[in-house]
Amino acid sequence: MVAILMALILGVLFAAILIMPRAIKGNAKVVPPNPTTTKASKLFTKPEVSLHNTRTDCWIIIKDKVYDVTPYVEEHPGGDAILAHAGDDSTEGFYGPQHATRVFDMVDEFYIGDLKQ
């Protein structure tokens, strides 16, 4: 009898935990924030980006988004390959077969703005 009562109480508590957050929030989906959409976008021209083309000041463009990858240059598994397009468009190299899929998530932390067209 006690076991049945405990199971009933736990079942009600469990159901309340599942139902209450949905009732409060409605049917909204929880989506993790994307740094490329949550940061205030700053616009950079190609000539501005081109000034950042060294090991100690390295910006790249990937699909019209600008990234300051300076902190990553020394860690880059491909060595100085990242510097080949420093201050320029790196889209083709970035999407090359040498990159693991994790790089697509990592790059967001270096986003600083968009390329002005």
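The values are calculated or read from the model by the stated rules, or taken from the named source; none is laboratory data. Small disclaimer: the values here were computed from a predicted structure and weren't measured. Neighbour counts are summed over all protein chains in view; Cβ atoms, including those assigned to glycine, are modelled from backbone coordinates with ideal geometry. These accessible areas exclude ligands, DNA and RNA; they are computed on the full protein's heavy atoms, side chains included. Shrake-Rupley method; radii C 1.70, N 1.55, O 1.52, S 1.80 Å.
Take the residues of the range 83-111 that are among the aliphatic types (A, V, I, L, M) and crowded, with 16+ Cβ neighbours inside 10 Å: which is nearest to SER50 (Cα to Cα)? Don't jump to the end; show me each part of the working.
Taking the range 83-111 first, the residues among the aliphatic types (A, V, I, L, M) are 83-84, 86, 100, 103, 106-107.
In the following step, the residues that additionally are crowded, with 16+ Cβ neighbours inside 10 Å were identified as 83, 86, 107.
Details: LEU83: 12, ALA86: 8, VAL107: 19 Å.
Among residues in the range 83-111 that are among the aliphatic types (A, V, I, L, M) and crowded, with 16+ Cβ neighbours inside 10 Å, the one nearest to SER50 (Cα to Cα) is ALA86.
Go through the range 83-117 residue by residue and tally those that are hydrophobic (A, V, I, L, M, F, W, C), part of a loop (DSSP other than H, G, I, E, B) and in contact with a Ser or Thr (Cβ under 8 Å, 6 or more places away or on another chain). Reasoning before the result, please.
Step one: filter the range 83-117 for residues hydrophobic (A, V, I, L, M, F, W, C), giving 83-84, 86, 94, 100, 103-104, 106-107, 110, 112, 115.
Restricting the remaining residues to those that are part of a loop (DSSP other than H, G, I, E, B) gives 86, 100.
Now narrow it down to the ones that are in contact with a Ser or Thr (Cβ under 8 Å, 6 or more places away or on another chain): 86.
Number of matching residues: 1.
Name every residue in the range 55-111 that is within 18 Å of PHE44 (Cα to Cα) and among the aromatic types (Phe, Trp, Tyr), in order of residue number.
Filtering the range 55-111 down to residues within 18 Å of PHE44 (Cα to Cα) leaves 57-70, 85-91, 107-111.
Scanning the range 55-111 gives TRP59, TYR67, PHE110, TYR111.
Restricting the search to the range 61-82, which residues are of a type outside the set (S, T, N, Q), at pLDDT 90 or above, open to solvent by less than 60 Å² (accessible area, probe 1.4 Å) and outside any strand (DSSP E or B)?
Residues satisfying the conditions are VAL69, TYR72, VAL73.
What is the residue count in the range 45-60 for residues that are surrounded by 14 or more Cβ atoms within 10 Å (Cβ to Cβ) and β-branched (Val, Ile, Thr)?
2
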